[in-house]
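One structure is given here, and the rest of the page talks about it.
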Amino acid sequence: MEQYLELLKSQFNDHIGFRERRLGIMQLILPLYYEDGDMVDIFLEKAPDGDGKIRIADHGMALMRLSYSYELNTDRKLEIFHRILSENQVSEENGKLYLDIEPERLYPAIMQFAQTLAKVSNMQLYKREVIRSMFFEMLEEYIMTDLRRFNPQKSYFPLPNHEEYEVDYCFNSRPKPIFLFGVNNKAPARLTTVACQKFIIEKIPFRSVIVLENLDILSKKDQARLMAVADKQFPTLDYFKDNAVTFLERELEELPKI
């Protein structure tokens, strides 16, 4: 290990130090920092498989730092986290990140590992993207759990052999089924408008319900088109969650079940 540490000194132009934390575990003192000014935590040790590789590790520090401001508590967040690791060939075990490499690749691998730690520690910057992309995931979770007693059917096709006219969720326990559509940008808004117009032309009995991520995501023209075909709109997912049970109970009581 010592010969590789000496090589690292020259590769970093002597801007590196070493601190032995435990027997066989060396912490690197590098001019690499997180956004808050703290030094990036990188440790070197022998890889446990015994084939002469060196393990670059963080000993769980990156995820611990991230947990102060951001939780990996949904499938979408975990998907982004694992994608970051996969793109940088970094592995994770019990919250600890590591990269096993041949000794001759030590310098570029350290830089690669440091960049990965920076990306992980900054995952809170993905928050807006994650929330937006999680809209349909959160809508599905709520409908298939909290509204389960209303027997929702996901991915319903009212027109045989026309899969282009898909309904996100159908509540089919009434003479006029409730077709529910989630809308988080102009593309699903326009598809929903076209689908509802088609169902009307085909004289399919239904009531259309639109759940928006937020009204601000749509132009006034798209809002107007949706209003023209929608029997009911919920302006946000939170508003839908607060009122969906009452709405469905009222709708299902108004007409006798089939």
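The values are calculated or read from the model by the stated rules, or taken from the named source; none is laboratory data. Just so you know, these numbers come straight off a predicted model, no measurement behind them. Note: ideal-geometry Cβ built from the backbone for every residue, glycine included; neighbour counts use all protein chains shown. These area figures cover heavy atoms from the full protein model, side chains too; ligands, DNA and RNA do not enter into them. Shrake-Rupley method; radii C 1.70, N 1.55, O 1.52, S 1.80 Å.
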Cβ pairs under 7 Å, 6+ apart, first in segment 102-118 and closer than 11 Å to GLN11 by Cα, second assigned to a helix (DSSP H, G or I): LEU106/TYR4; LEU106/LEU8; TYR107/LEU8; TYR107/GLN11
Matching residues in segment 73-86 - criterion: being more than 21 Å from ALA47 (Cβ to Cβ) and free of Cβ contacts under 8 Å to residues at least 40 places away in the same chain: ASN73, LEU78, GLU79, HIS82, ARG83, ILE84
Condition met for LEU8 (open to solvent by less than 60 Å² (accessible area, probe 1.4 Å), more than 30 Å from PHE135 (Cβ to Cβ) and in a strand (DSSP E or B)): no
Extreme residue, nearest to GLN223 (Cα to Cα), among residues of segment 233-254 that are open to solvent by less than 40 Å² (accessible area, probe 1.4 Å) and over 30 Å from the mean Cα position of the chain (by Cα): GLU251
Pairs where the first residue, in segment 21-37, is more than 16 Å from ARG65 (Cβ to Cβ) and the second is of a type in the set (Asp, Glu) and surrounded by 11 or more Cβ atoms within 10 Å (Cβ to Cβ), C-beta under 8 Å, 6+ apart: GLY24/GLU45; ILE25/GLU45; MET26/GLU45
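Condition check ((1) under 16 Å from LEU252 (Cα atoms); (2) hydrophobic (A, V, I, L, M, F, W, C); (3) at pLDDT 95 or above; (4) over 30 Å from the mean Cα position of the chain (by Cα)) across all residues:
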| residue | (1), (2), (3), (4) |
| --- | --- |
| MET138 | no, yes, no, no |
| TYR165 | no, no, no, no |
| ALA189 | no, yes, no, no |
| ILE201 | no, yes, no, yes |
Selection status of LEU97, at pLDDT 85 or above, open to solvent by less than 60 Å² (accessible area, probe 1.4 Å) and over 24 Å from GLU6 (Cα atoms): yes
Residues of segment 58-83 satisfying the condition of being in a loop (DSSP other than H, G, I, E, B), of a type in the set (Asp, Glu) and within 16 Å of the chain's Cα centre (by Cα): GLU71
Condition met for ARG105 (of a type outside the set (Phe, Trp, Tyr), closer than 25 Å to GLU141 by Cβ and surrounded by 12 or more Cβ atoms within 10 Å (Cβ to Cβ)): no
Of residues in segment 115-136 being part of a helix (DSSP H, G or I) and open to solvent by less than 40 Å² (accessible area, probe 1.4 Å), the one modelled with the lowest pLDDT: VAL130
Tally, over segment 84-114, of residues that are touching a Phe, Trp or Tyr at 6+ places or on another chain (Cβ under 6 Å) and in a helix (DSSP H, G or I): 2
Residue list for segment 58-71, restricted to those being modelled with pLDDT of 90 or more and open to solvent by less than 10 Å² (accessible area, probe 1.4 Å): ASP58, ALA62
Filter result for the condition that a residue is open to solvent by 80 Å² or more (accessible area, probe 1.4 Å) and of a type outside the set (Ser, Thr, Tyr), over GLN89, GLN112: GLN89
